[in-house]
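Let me begin by presenting the structure, written as structure tokens, before commenting on it.
Rule-based calculations on the coordinates, nothing more; no lab input. Just so we're clear, the structure is a prediction, and the values are computed from it rather than from any experiment. Glycine gets a Cβ as well: all are built from the backbone with ideal geometry, and neighbour counts include every protein chain shown.
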Ligand SMILES: Nc1ncnc2c1ncn2[C@@H]1O[C@H](COP(=O)(O)OP(=O)(O)O)[C@@H](O)[C@H]1O
Ligand SMILES: [Mg+2]
């Protein structure tokens, strides 16, 4: 049987470039090479698209672009169903059966790359254009979640065209502490917990460094819980996990070092609560039109209320990331998750 060509797209013109390198190298190491021929396409931080021929290790340590990469350009022509590759003054065409964008955040997880692949007629792993774009925008995602009947933090949103004084005043209608966030970012970039007016003003200016739109939210007491979902029609839900924080919030440093925080998988909750969380995660996944896979993040309050936080349509995907760990809890290995994702994309 012919092996199918799977383009794994990594890196990205995004602050989460490095996170993608770690996820993508893990994915590459777990692809079934008997079934699939992986074609590695790296996007540099500057947004250059290059075909890479080396090992996953050099992706992980960010030296992949140092050796013999060729510039590539995906074709919008469905007859080509792949990309042009440029080398030594000539070009060639490579057919792609399906693509797996392992990109986090801006210009990758937000519907842009999905739009390009859709136009090219290339099936791809994960959520579609609309779902990716909605989940990327914390303001829009909150509105959809709320309309599906799930509680969301009280929040305000603002964009750069508004007067700063108006934004400060509007944000101050919420009770301190508040969370100030870029509307479309990830890995906690640009997020501050503000306890006072001076902190709030600084936090808003800081969030605007990451995006032209921001959200300010009330603080939700309790702990953070997540649910991994795989599938489009028949959904597989992973075990619920729980983040135990010692101080502050789950910021970039904590996410990738777990210095003071701890992830409990499964969460330290009873079965009834876990089932309620899974059910809410399923409602949110469907409301936000997710397909393929996503990680639904919520809060569980001391009163047992479930509050929406966000949906990550391309969640962290290293061998020790939350998403594969939650699915390991229901018996799926990392390799079988990768295999199912690719198969689902090909069946589209
Ligand atoms: N409303 C909130 N109440 C309490 N903690 C929050 C709230 N919003 C965010 N956080 C904390 O900030 C972290 C990052 O926020 P999140 O919205 O998940 O952004 P990102 O997309 O960068 O992960 C969360 O994991 C949580 O620790
Ligand atoms: Mg988050």
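Using Cβ contacts closer than 10 Å as the measure, can you line up 94, 63 from fewest to most? Could the numbers behind the result be given before it?
Details: 94 16, 63 11.
Placing the least packed residue first, the sequence is 63, 94.
How long are the semi-axes of the equivalent ellipsoid of the stretch 148-234, taking √(5λ) for every eigenvalue λ of the Cα gyration tensor, in whole Å from largest down? Numbers along the way, then the final one.
On the way: eigenvalues 133, 47, 31 Å².
Calculated on Cα positions only, the semi-axes equal 26, 15, 12 Å.
Divide by every residue of the chain the summed helix terms, -39500 (n - 2.57) for each DSSP H run of at least 4, and state the resulting mean residue ellipticity at 222 nm, rounded to the nearest 500 deg cm²/dmol. All intermediate terms of the calculation are to be shown ahead of the outcome.
Details: 11 runs with 110 residues, N = 348.
The helix-only estimate for the chain comes to -9500 deg cm²/dmol at 222 nm.
Relative to the longest principal Cα axis of the chain, at what angle does helix 138-147 sit, 0 to 90 degrees, rounded to 10?
70
Please state, to two decimals, what the Cα-based radius of gyration of the stretch 86-150 comes to when divided by 2.2 N^0.38 Å (N = residues). Display every interim value, and only then the final one.
Values: Rg = 15.8 Å, N = 65, 2.2 N^0.38 = 10.7 Å.
Here the answer is 1.47, to two decimals.
Note down the nm distance, to one decimal, between modelled labels 7 Å out along Cα→Cβ at residue 258 and at residue 119.
4.1
Can you sort 260, 280 so the residue with the fewest Cβ neighbours within 10 Å comes first?
On the way: 260 12, 280 22.
Final ranking by Cβ density, sparse to dense: 260, 280.
Does anyone have the angle between helix 197-208 and the longest principal axis of the chain? Alpha-carbon axes, 0 to 90°, nearest 10?
Once rounded, one gets 10 degrees.
Cβ neighbours within 10 Å, averaged per peptide: list 176-189, 238-251 in order, most packed at the top.
Details: 176-189: 21.4, 238-251: 16.9.
Per-residue mean Cβ counts within 10 Å order the peptides as 176-189, 238-251.
Peptides 154-160, 213-219: what's the order by average Cβ count within 10 Å, highest mean first?
On the way: 154-160: 16.7, 213-219: 22.1.
In decreasing order of mean packing, 154-160, 213-219 become 213-219, 154-160.
Ratio of alpha-carbon Rg to the 2.2 N^0.38 Å globular estimate for the chain, to two decimals, please. Intermediate values should be presented prior to the final figure.
Details: Rg = 20.4 Å, N = 348, 2.2 N^0.38 = 20.3 Å.
This ratio for the chain stands at 1.00.
Which order do the peptides 31-41, 104-114 come out in when sorted by mean C-beta neighbours inside 10 angstrom, highest first?
Values: 31-41: 16.9, 104-114: 23.7.
Order by mean packing, descending: 104-114, 31-41.
Taking only the Cα atoms of the stretch 1-121, how large is their convex hull per residue, in Å³? Intermediate values should be presented prior to the final figure.
Details: hull volume 12.3 nm³, N = 121.
Per residue, the Cα convex hull of the stretch 1-121 comes to 101 Å³.
What is the distance, in nm, between label points placed 7 Å from the Cα along the Cα-to-Cβ direction at residue 272 and at residue 236?
3.0
Tell me whether the stretch 238-333 comes out rounded, prolate or oblate; compute the Cα gyration tensor, take square roots of the eigenvalues as a ≥ b ≥ c, and use a/c under 1.5 as the rounded threshold.
On the way: a/c = 1.39, a/b = 1.14, b/c = 1.22.
The shape class here is rounded.
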